[in-house]
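K.L.:
Can you keep this structure in mind? I'll have questions shortly.
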């Protein structure tokens, strides 16, 4: 008698798009494994064509409700290259502060409310809150602080309206950021406690040969710009993204997928960033990592939650510094007349590198657009992790195998905002 298992995701609820997961095992070996993305085309790149380049940041922000600032910053920087515009340092710092707010709210949402239930054995954050109310309360307070940064600078926390090509439509006044300093010691303590909490979780074993890819800067933890570097020797300017990260497609998915030079999967996101840039984390965060015995690289993908907590604490420290030193810029934006050309830029969204390339005409009208999200880059690595787990899945009970698969997918925070389990496992004998 041979044994077959099928792990099926019928439909991913509350996800940025529509998808499913199918794993078929026979006699402990994988017969079929596919992360199937079947969302109909959203046409963002298509309907940007024919629009003014000044409209692009507002339109692309609608791609994601969790990390809209990432889309605004990548699009704005790419278009600024086309028109030959460099924002002054005070405007860049304000952009960074806005981005830091997004890092905090996004990382906290995922680590505490979406991923934590997987480690602690709960179906949802609501169930977890019954036994661990302090965890949920701390998460909500910390997330609220990140959201408040986005509201003050961007006008609102979801799809901010202030960012534009060249800077901001309006910059905060001299005292507008002062409320963010209230109870800041508690905010920092909560962020650093999260690192302790993450280190205390029990992690499944998984160690796969992985290539990590992120932006890199000599004197700054990367967020707004930098060179593309990898753990296996890539070092190129951001404009060369499409030369080293090659698009591929599979018959079972409508999503764009990427491989290193078309051959191997790679990982982007907080785990990749800390592995390649940990020495540029805030000194207090580096001290905490040493105190807890955190060593780099962090190779186990389940421990990506540790990387998120490190980045959250770093973001709070960096945000405080910018807030305390803030002076309103002389002008919130720099204006340039449009000109024909092409420009590409990458910023580090909370989930990883976000690439934008635009071609515009002399009238400033977009002729071509290309956008590559972090999730599309991580899809192949998610499948590779599940493939590595196959022998373990074959010997596990149905419910435990299902749970582990869900947890593995959520390691990457793949635009999933669902804390309820969604997998169906069927066990059949032949």
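K.L.:
Failed condition for residue 201, given (1) within 21 Å of the chain's Cα centre (by Cα); (2) modelled with pLDDT of 95 or more; (3) surrounded by 15 or more Cβ atoms within 10 Å (Cβ to Cβ), with all others met?
P.N.:
The one condition residue 201 does not meet is (1).
K.L.:
Do we find that residue 291 is assigned to a helix (DSSP H, G or I), farther than 22 Å from residue 101 by Cα, in the same structural domain as residue 370 (by TED's automatic domain parsing) and free of Cβ contacts under 8 Å to residues at least 12 places away in the same chain in this structure?
P.N.:
Against the criterion (assigned to a helix (DSSP H, G or I), farther than 22 Å from residue 101 by Cα, in the same structural domain as residue 370 (by TED's automatic domain parsing) and free of Cβ contacts under 8 Å to residues at least 12 places away in the same chain), residue 291 qualifies.
Condition check ((1) touching a helix residue (DSSP H, G or I) at 6+ places or on another chain (Cβ under 7 Å); (2) surrounded by fewer than 17 Cβ atoms within 10 Å (Cβ to Cβ); (3) modelled with pLDDT under 95; (4) under 18 Å from residue 370 (Cα atoms)) across all residues:
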position	(1), (2), (3), (4)
221	yes, no, no, no
230	no, no, no, no
236	yes, yes, no, no
246	no, yes, yes, yes
254	no, yes, yes, yes
271	yes, no, no, no
285	yes, no, no, no
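K.L.:
Can you find a residue that is part of a loop (DSSP other than H, G, I, E, B) and farther than 20 Å from residue 223 by Cα anywhere in the range 68-90?
P.N.:
Yes, the range 68-90 has at least one match.
K.L.:
May I pose another question? Just checking, how many residues over the range 256-269 are modelled with pLDDT of 95 or more and either more than 23 Å from residue 411 (Cβ to Cβ) or in a strand (DSSP E or B) (or both)?
P.N.:
1
This table checks each residue for (1) crowded, with 21+ Cβ neighbours inside 10 Å; (2) modelled with pLDDT of 90 or more.
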position	(1), (2)
318	yes, yes
339	no, yes
403	no, no
412	yes, yes
426	no, no
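K.L.:
Right, next: Condition (residue is in the same structural domain as residue 208 (by TED's automatic domain parsing) and more than 23 Å from residue 104 (Cβ to Cβ)) applied to the range 265-285: is it met by at least one residue?
P.N.:
For the range 265-285, residues in the same structural domain as residue 208 (by TED's automatic domain parsing) and more than 23 Å from residue 104 (Cβ to Cβ): present.
K.L.:
Quick one: count up the residues across the range 78-105 that are out of contact with any helix residue (DSSP H, G or I) (no Cβ under 8 Å at 6 or more places or on another chain), surrounded by fewer than 24 Cβ atoms within 10 Å (Cβ to Cβ) and touching a residue at least 12 places away in the same chain (Cβ under 8 Å). Spell out the reasoning first.
P.N.:
Step one: list which residues in the range 78-105 are out of contact with any helix residue (DSSP H, G or I) (no Cβ under 8 Å at 6 or more places or on another chain), which gives 78, 80-81, 84-85, 88-92.
Now drop any that are not surrounded by fewer than 24 Cβ atoms within 10 Å (Cβ to Cβ), which leaves 80-81, 84-85, 88-92.
When the remaining residues are screened for being touching a residue at least 12 places away in the same chain (Cβ under 8 Å), the result is 80-81, 84-85, 88, 90-92.
Number of matching residues: 8.
K.L.:
Which one of the conditions (1) at pLDDT below 95; (2) at positive phi; (3) in contact with a strand residue (DSSP E or B) (Cβ under 8 Å, 6 or more places away or on another chain) does residue 159 fail to meet, given that it meets all the rest?
P.N.:
Unmet condition: (3).
K.L.:
Here is a further query. Identify, by number, the condition in (1) surrounded by fewer than 20 Cβ atoms within 10 Å (Cβ to Cβ); (2) closer than 27 Å to residue 21 by Cβ; (3) touching a helix residue (DSSP H, G or I) at 6+ places or on another chain (Cβ under 7 Å) that residue 322 doesn't meet.
P.N.:
The failed condition is (2).
K.L.:
Here's something else I'd like to know. Count, please, the residues in the range 199-220 that happen to be in contact (Cβ under 8 Å) with a residue 60 or more places away in the chain and either more than 13 Å from residue 384 (Cβ to Cβ) or not in a loop (DSSP other than H, G, I, E, B) (or both). Working first, answer last.
P.N.:
First, the residues of the range 199-220 that are in contact (Cβ under 8 Å) with a residue 60 or more places away in the chain: 199, 201-208, 210, 212-217, 219-220.
Next, only the ones that are either more than 13 Å from residue 384 (Cβ to Cβ) or not in a loop (DSSP other than H, G, I, E, B) (or both) stay: 199, 201-205, 212-217, 219-220.
Residues that pass the stated criteria total 14.
The values are calculated or read from the model by the stated rules, or taken from the named source; none is laboratory data. Predicted model, so just to flag it, every value in this text is computed and none were measured. Here Cβ is always computed from backbone atoms with ideal geometry, including for glycine, and neighbour counts include all displayed protein chains.
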